[in-house]
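Chemist: First the structure, which I've put down as structure tokens, then a few questions once you've had a look.
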Amino acid sequence: MPANLIIHRRVADADHPAYAEWEKRVGDALSSWPGYLDRWVLPPTPPGQVDWITAQRFSTVDAARGWLHSAERGALLRDADPMFVGNDNVQLYTGDHEERSELVSAVIATRLPAEREHDFLEWQSEVMEAESRFEGFRGHRLQAPAPGLSDDWVMHLSFDTDEHLSAWLQSDERQELLAKGSAFNENMSLTRSAVGFGFWAPGPGADDPVFKNNLLVLLMLYPLVYLWGYFVSAPLIDSHGVPIWLSLFIGNLVSTQLLGWFLVPWVFARFSWWLDGGASRGARVLGYGAVVTLYVVSMALYAWLLAIRG
């Protein structure tokens, strides 16, 4: 069964040229790896996309897992470590086009002193390498603290079934790693979820994934924002003297939750035939036409609502 590794990495701006050269070294190492098929590398396009995104395609899941915890990859990561700024997202998708919402995940948060961050990141690399060897592994994402919002490092890991997730969480390997990283675990918390965290990532075989995904997100975001503003924010929040900064925060909080949990997974499922890289030319044109038509309908509806209010 074919497998795809989708890797998101945050790199310091000054290191982008060096990172591009490093990615070429990765490509050279992969070229002789058993089961490797091909890959693409997508540089950042701020402000919408600030990570480097790499897709690596393998003929089997075992080949992809083998590369994930290989000595060759480990050596390359150590060379590039000074360029990374914290965020790390590695996800493994198989060729069976499993639904992202069917994955199970664990969210682990911890807090540590700034001077321990380098040691923590090295330890996390060991953790991810061990996770990837377990059956059912589908993703590992590390989120750095966001100043002013959260002081925690947050680790997301996903597996295909609850049984496989439990096997990793209860394994001797993980217990040994936790003991080794005990200095990082004093404030650790773990939450399990029945929903995977990767449903916004491009699926296997997708073509132009970031551009198409963003179009579908906008298709849900635009009507959600104006309907919230028209029916909820204006009459129920703003009219009662709530400051604009607070009203905006409430609207964004509601919108992101609705998008992440319901609307985006729903629209991705409806347009899966369009996101599929194997879709015919006619299907691709039809998909773009449908998206543009729905944009026009949304804008026309909003204009009509404003007209009848006026």
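The values are calculated or read from the model by the stated rules, or taken from the named source; none is laboratory data. Here the structure is a predicted model, which means the values were calculated and not measured. Because the Cβ atoms are built from the backbone with ideal geometry, glycine has one as well, and the counts that use them run over all protein chains shown.
Chemist: Can you list residue pairs whose Cβ atoms sit under 6 Å apart, with the first residue in the stretch 154-165 being over 20 Å from L142 (Cβ atoms) and the second being crowded, with 23+ Cβ neighbours inside 10 Å and of a type in the set (D, E, K, R)? Count only pairs 6 or more apart in sequence or on different chains.
Modeler: Sorted first by the residue in the stretch 154-165, then by its partner, the pairs are D160/R138.
Chemist: Does F134 meet the test of being surrounded by fewer than 19 Cβ atoms within 10 Å (Cβ to Cβ), under 22 Å from I6 (Cβ atoms) and modelled with pLDDT of 80 or more?
Modeler: Details: surrounded by fewer than 19 Cβ atoms within 10 Å (Cβ to Cβ): yes; under 22 Å from I6 (Cβ atoms): yes; modelled with pLDDT of 80 or more: yes.
Here the answer is yes, as F134 does meet what is asked.
Chemist: What are the pairs with Cβ atoms under 7 angstrom where one residue, in the stretch 287-310, is among the small types (G, A, S) and the other, located anywhere, is surrounded by 10 or more Cβ atoms within 10 Å (Cβ to Cβ) and not in a helix (DSSP H, G or I)? Sequence gap at least six, or different chains.
Modeler: What qualifies is G287/F271.
Chemist: Of the conditions (1) more than 18 Å from the chain's Cα centre (by Cα); (2) surrounded by fewer than 16 Cβ atoms within 10 Å (Cβ to Cβ), L30 fails just one. Which one is it?
Modeler: (2)
Chemist: Also: Consider the stretch 130-184. How many of its residues are assigned to a strand (DSSP E or B), small (G, A, S) and touching a strand residue (DSSP E or B) at 6+ places or on another chain (Cβ under 9 Å)?
Modeler: Adding up the residues that qualify gives 3.
Chemist: Hey, another quick one. Among (1) at pLDDT below 75; (2) in contact with a strand residue (DSSP E or B) (Cβ under 6 Å, 6 or more places away or on another chain); (3) surrounded by 14 or more Cβ atoms within 10 Å (Cβ to Cβ), which single condition is V195 missing?
Modeler: Among (1) at pLDDT below 75; (2) in contact with a strand residue (DSSP E or B) (Cβ under 6 Å, 6 or more places away or on another chain); (3) surrounded by 14 or more Cβ atoms within 10 Å (Cβ to Cβ), V195 violates only (2).
Chemist: Okay, moving on. Kindly evaluate Y230 against the criterion of being under 27 Å from V285 (Cβ atoms) and of a type in the set (S, T, Y). Don't jump to the end; show me each part of the working.
Modeler: Working: under 27 Å from V285 (Cβ atoms): no; of a type in the set (S, T, Y): yes.
Taking the combined requirement at face value, the residue does not satisfy it.
For (1) at pLDDT 80 or above; (2) in the same structural domain as A303 (by TED's automatic domain parsing); (3) within 27 Å of Q124 (Cβ to Cβ), each residue gets a yes or a no:
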site: L178; (1), (2), (3): yes, no, yes
site: A201; (1), (2), (3): no, no, yes
site: L236; (1), (2), (3): yes, yes, no
site: W274; (1), (2), (3): no, yes, no
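Chemist: Hey, any hits in the stretch 19-37 for a residue that's over 15 Å from R73 (Cα atoms) and at pLDDT below 90?
Modeler: Checked against the condition, which is being over 15 Å from R73 (Cα atoms) and at pLDDT below 90, the stretch 19-37 yields no hits at all.
Chemist: Additional query: So which of V285, V264 ends up being within 16 Å of V217 (Cβ to Cβ), assigned to a helix (DSSP H, G or I) and at pLDDT below 80?
Modeler: Working: V285 fails: within 16 Å of V217 (Cβ to Cβ).
Testing whether each residue is within 16 Å of V217 (Cβ to Cβ), assigned to a helix (DSSP H, G or I) and at pLDDT below 80 leaves just V264.
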